[in-house]
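To keep things clear, I will list the structure first and then write my remarks on it.
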């Protein structure tokens with residue numbers, strides 16, 4: 001798939017990131033340990049709560065129990081939380097209600 005630069009036809013459809021607040025609030029207002037992550041390395045699917053965790057002072061590294069690939073890295077530094085999910089192919093979040 002080729003992504004082309006914005007065209008004039010897209011201009012009236014384009015909004016800033018604030019327009020996604022509703023869907024993002026639903027996405028990030030959930031119990032993360034219940035979400036199912038698919039490993040980008042081996043394809044193993046498991047609940048985030050079942051990943052192997054290496055907890056450090058600045059954050060946590062979560063690894064696949066199947067192949068030991070790093071899936072999630074959460075760090076907190078100077079009042080900012082960063083979430084690196086490059087080891088997760090898909091994150092499935094149950095929708096409540």
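Using a ≥ b ≥ c from the Cα gyration tensor of the stretch 32-97 (square roots of the eigenvalues), is it rounded, prolate or oblate, where a/c under 1.5 gives rounded and otherwise the larger of a/b and b/c decides, a/b for prolate? Cα axes put the stretch 32-97 in the oblate bin.
Dividing the mean sequence gap of close Cα pairs (under 8 Å, 6+ apart) by how many residues the stretch 20-92 holds gives a relative contact order of 27 percent.
Every read-out reported here was derived from the displayed coordinates using simple, explicitly stated rules and does not represent laboratory data. On a predicted model such as this, the values are computed, not experimentally measured, just so you know.
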